[in-house]
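Heads up: the structure comes next, in structure tokens.
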Amino acid sequence: MKTFLNEEQYLQKLNEEIDVLYLKDCYPKIWEHYKYLRITFKNVCAQKTDSVFQQMRRLLQIDAQLQIIHFFFKYDQKTDRELFLKEEELLKLSVNDKDSYYREITGMKNTDLPPIGLIYISEK
């Protein structure tokens, strides 16, 4: 796994793995949300008034949404791309599931209480 030195490198790597043209052409609402998340991610990184924990919480919430979009629009997913969800449903999924994303990827149920750990500070 690559180590990222700043938010630009991290976001660039996501962009490289996402089929941006397909996303932009076929899912314009998700494309707009993706751009908004990237800008917000950069703004949170630049903000120096929040505590480290507040900043990390916001970054993890944004990143969970970016990861959900990444999952559905990676280049290697082209054959499975005809989504079973409509654009609005996928957008809603990314927004709503950010609150349990890290539990789910670590094998927990979204109804389980998140354990103590930095990765879970964005969860509700």
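A quick yes/no check of all residues on (1) in contact (Cβ under 8 Å) with a residue 60 or more places away in the chain; (2) of a type outside the set (S, T, N, Q):
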| position | (1), (2) |
| --- | --- |
| C26 | no, yes |
| K29 | yes, yes |
| R38 | no, yes |
| Q54 | no, no |
| D63 | no, yes |
| E89 | no, yes |
| S100 | no, no |
| K109 | no, yes |
| Y120 | no, yes |
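Quick check on my filter: what residues within the stretch 11-50 are part of a helix (DSSP H, G or I), among the β-branched types (V, I, T) and either farther than 19 Å from A64 by Cα or at pLDDT 90 or above (or both)? Passing the criteria: I30, I39, T40, V44.
Tally time: how many residues in the stretch 51-87 are of a type in the set (D, E, K, R), at pLDDT below 90 and part of a helix (DSSP H, G or I)? Matching residues across the stretch 51-87 total 4. Within the stretch 40-52, the set of residues being without any contact (Cβ under 8 Å) to a residue 12 or more places away in the chain and surrounded by 12 or more Cβ atoms within 10 Å (Cβ to Cβ) comprises N43, D50. Could you please let me know if Y101 is closer than 18 Å to Q9 by Cα, surrounded by 14 or more Cβ atoms within 10 Å (Cβ to Cβ) and not charged (D, E, K, R)? No. Taking (1) at pLDDT 90 or above; (2) of a type in the set (D, E); (3) assigned to a loop (DSSP other than H, G, I, E, B) in turn, E104 satisfies each apart from (3).
The values are calculated or read from the model by the stated rules, or taken from the named source; none is laboratory data. Remember, it's a predicted structure, so these values are computed and weren't measured experimentally. No Cβ is skipped: glycine too gets one built from the backbone with ideal geometry, and neighbour counts run over all protein chains shown.
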